[in-house]
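Notes for the one structure printed next.
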């Protein structure tokens with residue numbers, strides 16, 4: 001049994017090494033086609049919550065958003081009708097304060113790697129059985145989490161919204177549609193474990209550092225995330 005595990009581990013190291021050797025550092029992160037999972041999730045969040053024709057945040061107002069103005073890459077200002085306020089309209093601002101998106105590779109081997117890595121770093125970080133089964137069956141292409149800050153001209157204070165989302169199986173990373181989901185034990189476990197795996201690779205994997213070509217993940221994490229995705233994809237993407 002020990003020998004089998006050693007062979008499996010050595011095989012994984014050799015495949016990872018081969019993946020690193022074929023990478024061209026300045027262009028490797030471009031292999032994702034110029035679009036990131038984070039970017040596709042961002043587009044989905046804006047289209048769902050702050051786009052002309054939809055209800056602001058999916059629930060505010062007596063009608064859909066009338067106008068949208070992008071204040072920055074992370075802040076949007078909207079105007080929507082509200083019959084309950086003087087003047088009949090409200091200005092709302094939404095700011096993305098945090099956004100994470102991670103690929104989920106299908107199969108038993110990736111499920112085992114994900115579980116072992118996460119639980120090895122954090123005993124409570126491993127996959128629950130139903131989360132593990134979801135990875136083995138390929139139920140999700142990706143998982144993500146977004147946090148936004150909402151302010152309204154009609155009331156004081158601010159609202160913090162945290163929402164989990166998944167890309168269902170068969171969606172395709174960049175052509176599919178994300179879906180908002182309430183966090184439960186299975187999805188919470190999957191998000192937590194995946195976050196641990198990618199964080200560990202960004203911090204400790206030489207292949208990721210070489211691929212990211214000196215970009216400091218503390219200042220810009222996206223290149224490192226994409227490089228980690230490339231390396232995992234070469235090993236577990238089939």
- prompt: Has the range 212-223 got any residue that is closer than 19 Å to residue 117 by Cβ, touching a helix residue (DSSP H, G or I) at 6+ places or on another chain (Cβ under 6 Å) and at pLDDT below 95?
  reply: yes
- request: Go through the residues of the range 142-158 one by one and say whether even a single one is touching a residue at least 12 places away in the same chain (Cβ under 8 Å), closer than 16 Å to residue 106 by Cα and surrounded by fewer than 20 Cβ atoms within 10 Å (Cβ to Cβ).
  value: no
Which numbered condition residue 179 misses (of (1) under 17 Å from residue 38 (Cα atoms); (2) touching a residue at least 24 places away in the same chain (Cβ under 8 Å); (3) surrounded by fewer than 17 Cβ atoms within 10 Å (Cβ to Cβ)): (2)
message: Of the conditions (1) touching a helix residue (DSSP H, G or I) at 6+ places or on another chain (Cβ under 7 Å); (2) more than 23 Å from residue 181 (Cα to Cα); (3) assigned to a loop (DSSP other than H, G, I, E, B), residue 125 satisfies every one except a single condition; which number is it?
response: (2)
- prompt: Quick one: residue 112 ticks every box in (1) surrounded by fewer than 21 Cβ atoms within 10 Å (Cβ to Cβ); (2) touching a residue at least 12 places away in the same chain (Cβ under 8 Å) bar one, so which box is it?
  reply: (2)
message: For the structure I just gave you, tell me whether residue 207 is under 18 Å from residue 37 (Cβ atoms) and modelled with pLDDT under 95.
response: no
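I need the full set of residues from the range 86-106 which are in a loop (DSSP other than H, G, I, E, B) and farther than 30 Å from residue 230 by Cα, in order please.
86, 87, 88
Looking at the range 198-212, can you tell me whether even one residue there is touching a strand residue (DSSP E or B) at 6+ places or on another chain (Cβ under 8 Å) and either buried (at least 18 other Cβ atoms within 10 Å of the Cβ) or not in a loop (DSSP other than H, G, I, E, B) (or both)?
yes
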- request: Quickly run through the range 33-85 and pick out the residues that are part of a strand (DSSP E or B) and under 30 Å from residue 221 (Cα atoms).
  value: 56, 68, 69, 70, 71, 72, 75, 76, 77, 78
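State whether the residues of the range 107-117 include one that is modelled with pLDDT of 95 or more and not in a helix (DSSP H, G or I). Before the answer, list the steps.
First, pick out the residues of the range 107-117 that are modelled with pLDDT of 95 or more: 107-117.
Add one more test, that the residue is not in a helix (DSSP H, G or I), and what stays is 107.
Yes, there is a match, as at least one residue in the range 107-117 is modelled with pLDDT of 95 or more and not in a helix (DSSP H, G or I).
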task: Have a look at 126, 176 and point out the one that is at negative phi, modelled with pLDDT under 95 and more than 17 Å from the chain's Cα centre (by Cα).
output: 126
Residue within the range 136-148 that is more than 17 Å from residue 187 (Cα to Cα), at pLDDT 95 or above and over 22 Å from the mean Cα position of the chain (by Cα) present: no
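The values are calculated or read from the model by the stated rules, or taken from the named source; none is laboratory data. For clarity, every value in this text was computed on a predicted model and none was experimentally measured. Counting neighbours? That spans all protein chains shown, and the Cβs are built from the backbone with ideal geometry, glycine included.
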